[in-house]
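Below you'll find the structure, written out as structure tokens, and then a few comments.
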Amino acid sequence: MADNVVSAEKLQERLVANHFNAWMGLSILSLDEESIEISMTWREEMISNPKARVTHGGILGALVDVAADFMIAAKAGAPAPTVDLRVDYHRAATPGDLRAVGRIIRVGGTFSTAEAEVFDSDGKLVASGRGLYYTGALKQ
């Protein structure tokens, strides 16, 4: 697999240029050849059920998508459009910051696949997923 072509600093600028990502308080914690680690600052508005006080599944899905896509971006030079995304929910995410780890499955000429896992502040797996991204338009 090719080395990363984009630095963590450049990816961070690109990450928060998206207003939704900035609202989620996303920050790249680490980036190497194998994985990217992104933190998310929890917000009260992320609750799906006020009585249960759990994080909305859409937030977890977005975090899976971003972590997978930005690992693709590290290799391909820019984030790619999501073609398909699967998310599995393993346990409820209670209020607290989250951390996602994205990894490449395969970089292809037209489509690329990456996966991500989301962990709560105790290090417990709350969600995981895999995305297919259209990388055919990106210059490599």
Among the residues listed as ARG86, ARG53, the single one being surrounded by 12 or more Cβ atoms within 10 Å (Cβ to Cβ), at pLDDT below 95 and among the charged types (D, E, K, R): ARG53
Taking first residues from the stretch 116-131 that are under 14 Å from ARG103 (Cβ atoms) and free of Cβ contacts under 8 Å to residues at least 12 places away in the same chain and second residues anywhere that are among the polar types (S, T, N, Q) and not in a strand (DSSP E or B), the pairs with Cβ under 9 Å that are 6 or more apart or on different chains are none
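Report whether or not VAL101 is surrounded by 15 or more Cβ atoms within 10 Å (Cβ to Cβ), within 21 Å of GLU13 (Cα to Cα) and in contact (Cβ under 8 Å) with a residue 12 or more places away in the chain. Write out each step before concluding.
Numbers: surrounded by 15 or more Cβ atoms within 10 Å (Cβ to Cβ): yes; within 21 Å of GLU13 (Cα to Cα): yes; in contact (Cβ under 8 Å) with a residue 12 or more places away in the chain: yes.
So VAL101 fits the description; yes.
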VAL83 vs. criteria in contact with a strand residue (DSSP E or B) (Cβ under 7 Å, 6 or more places away or on another chain) and closer than 25 Å to ARG43 by Cβ: no
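The values are calculated or read from the model by the stated rules, or taken from the named source; none is laboratory data. Note that this is a predicted model, so its numbers are computed, not measured. Backbone-built Cβ (ideal geometry, glycine too); neighbour counts: all protein chains shown.
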